[in-house]
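Data block below; observations after.
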Amino acid sequence: MEYLNIPENDTGIKTQRYKALINLPIKLNEKKDYLITGLEYNRFDMGYSADLPFDKSELIRFHVLDLNLGFITKWNENWNLVTILTPRFASNFVSGTITDDFFMNATATFWKERADADKPYRIVLGLTYNSTTGLPVPLPLVNYYRKFHPNWSFTFGIPKSSIKHHINNRHSLEMALLLDGYFINLQNGIELENGQVASKISLTSLLGTLVYQYNISKRMSIFAMLGKTIVQEGMLRNDDQGKVYLLNDESNFYIRTGFKIGIF
């Protein structure tokens, strides 16, 4: 469970996000093949103090609902194969659900991990397809993690790169660079002064953050994140994903906190 607050900046826009996610691994056989089933829900509440040249009544609340369906199998002695299919509904849902609310994401990766090594590491290499990027081809996915010292580890990849100081078994501090954002359908469309019609809203941001994590137990933890956007673009888009109105390109503070239970 997670809460995000992006306070109001010079553009007069603020954002709050409430997130709940559960993924359940189901062991299929002694070979350690797993079926992963899961559900993720995000609610965005937007606030506008600035005057905008269009009706913003349908830009107040957005919902994103993901269904995660995955399969993990041992490819060989060292590598696991992970495939994930994620149907998504992302909309302001002012009139039930429509076809344009539906998006499809898919990921296929090879995953190698040695948690028992002197210097534990994890490598993920694969491809990911996201229907909201506007690119009709899968994009590379790379993630490399290593604990190079009993008190230090790093992660290099996309959407997150970081270096982490493990103070002890309970406390850790992390400096991270990460990507965040959303892409959501606007069911009724918004007519702009220039004659364009906005049918999508998107946010893309690159953030620098400081994260504190407290481990309640081996499997439970809470965290608090404070950061600032380095690059940010909040945009209204048309049916072809073209940019039709810039909402927000000013830097924001970024506050995020949450609670996690790891069962796998």
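The values are calculated or read from the model by the stated rules, or taken from the named source; none is laboratory data. Please read all numbers here as calculations on a predicted model, not as lab measurements. FYI the Cβ positions are ideal-geometry reconstructions off the backbone, even for glycines, and counts take in every protein chain you see. We work out accessible area using only protein heavy atoms, side chains counted, and drop any ligands, DNA or RNA first. Shrake-Rupley method; radii C 1.70, N 1.55, O 1.52, S 1.80 Å.
Semi-axis lengths, largest first, of the ellipsoid equivalent to region 16-98 are 40, 12, 10 Å, with √(5λ) applied to each eigenvalue of the Cα gyration tensor. Per-residue surface analysis assigns residue 19 an accessible area of about 50 Å², computed on protein heavy atoms at 1.4 Å probe radius. Using Cβ point charges alone (K and R +1, D and E -1), the dipole size of region 2-149 about the Cα centre works out to roughly 720 debye. Per residue, the chain exposes 56 Å² of accessible surface when a 1.4 Å probe is rolled over the protein heavy atoms with every protein chain present. Can you return the lysines within cross-link range of residue 74? Criterion is Cα-Cα under 24 Å, with same-chain partners fewer than 8 residues away left out. Result set, ordered by chain and number: 27, 31, 32, 112, 119, 147.
Accessible area of region 69-110 with a 1.4 Å probe: how many percent of it is carbon plus sulfur? With neighbouring chains kept in place, the figure for region 69-110 is 63 percent. Debye-formula intensities of the chain, expressed as log10 I(q)/I(0) at q = 0.07, 0.11 Å⁻¹, are -0.29, -0.71 (one equal scatterer per alpha-carbon, no solvent).
Note on region 199-264: with charges restricted to the Cβ of Lys and Arg (+1) and Asp and Glu (-1), its dipole about the Cα centre is near 480 debye. Of the residues 258, 35, 179, the one whose Cα sits farthest towards the positive end of the charge dipole of the chain is 35 (charges of +1 on Lys and Arg Cβ, -1 on Asp and Glu Cβ, taken about the Cα centre).
As a test of reading the structure, rank 33, 100, 239, 10 by solvent-accessible area (1.4 Å probe, protein chains only), most first. Let's see the in-between values first.
Values: 33 15, 100 80, 239 110, 10 145 Å².
Largest to smallest exposure gives the sequence 10, 239, 100, 33.
Rounded to the nearest 20 debye, the dipole size of the chain about its Cα centre is 1540 debye, using +1 on the Cβ of Lys and Arg and -1 on the Cβ of Asp and Glu.
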